[in-house]
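A short write-up of the structure that comes next.
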Amino acid sequence: MGSQTAITVASPERMNRLGRELAALLRAGDLVLLSGELGAGKTTLTRGLGEGLGVRGAVTSPTFVIARVHPSLTGGPALVHVDAYRLGGGLDEMEDLDLDVSLPESVVVVEWGEGKVEQLTEDRLEVRIERAIGGAASAEDDSDPRQVTLTGLGERWAEVDLAVLAVESA
């Protein structure tokens with residue numbers, strides 16, 4: 001078991017900044033599994049990750065292409081952004097995408113990947129985004145605070161202090 005930390009995120013701007021801050025902890029070969037309901041902020045977090053990694057292209061939800069690769073503009077790892085929502089077959093379909101080819105050189109972020117991509121690697125960062133306030137809100141209402149739980153699994157994350165992300169930077 002690696003480290004775990006929970007952060008209350010008050011706004012989409014803070015979610016984006018969390019992504020940028022998280023990018024500083026990531027390196028090539030990392031798998032980040034994002035989970036949370038529609039409109040929770042998964043793409044906002046990934047957009048911040050892309051900014052933090054210095055990759056090319058606007059990070060948008062890859063719903064219709066399943067996977068989108070954003071090459072680095074700074075010599076760092078590329079960002080591979082996957083939407084596994086419509087991948088019914090799990091790993092077999094994931095392998096058809098040839099994503100494992102780019103895993104060692106890339107940071108791979110998978111939305112809706114629970115139960116589908118865990119076998120790719122034992123080392124992964126699981127990020128769960130939930131509304132901090134119970135009850136259903138409309139998908140358009142992104143002003144509610146979010147509870148973001150980051151769990152690092154495997155040797156890769158054993159020594160990483162995720163709590164640094166909870167510190168509010170001025």
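Per-residue Karplus couplings for the range 4-13, computed as 6.51 cos²θ - 1.76 cosθ + 1.60 with θ equal to phi - 60°, are listed in order as 9, 8, 10, 10, 8, 10, 8, 7, x, 5 Hz, Gly and Pro entered as x. A full extension of the chain between residue 51 and residue 6 corresponds to an added length of 14.0 nm, given 0.36 nm per residue minus the alpha carbon distance. Backbone geometry of the range 116-123 corresponds, through the Karplus equation with coefficients 6.51, -1.76 and 1.60 at θ = phi - 60°, to 3J(HN,Hα) couplings of 10, 10, 4, 6, 4, 7, 6, 8 Hz, x marking Gly and Pro. Taking amide H positions as modeled 1.01 Å from N, with prolines and chain starts lacking one, the residues under 5 Å from residue 147 and 5 or more places away or on another chain are 9, 130, 131, 132.
Read the figures in this text as sums done on the coordinates, not as results from a lab. All values derive from a computational prediction rather than experimental measurement.
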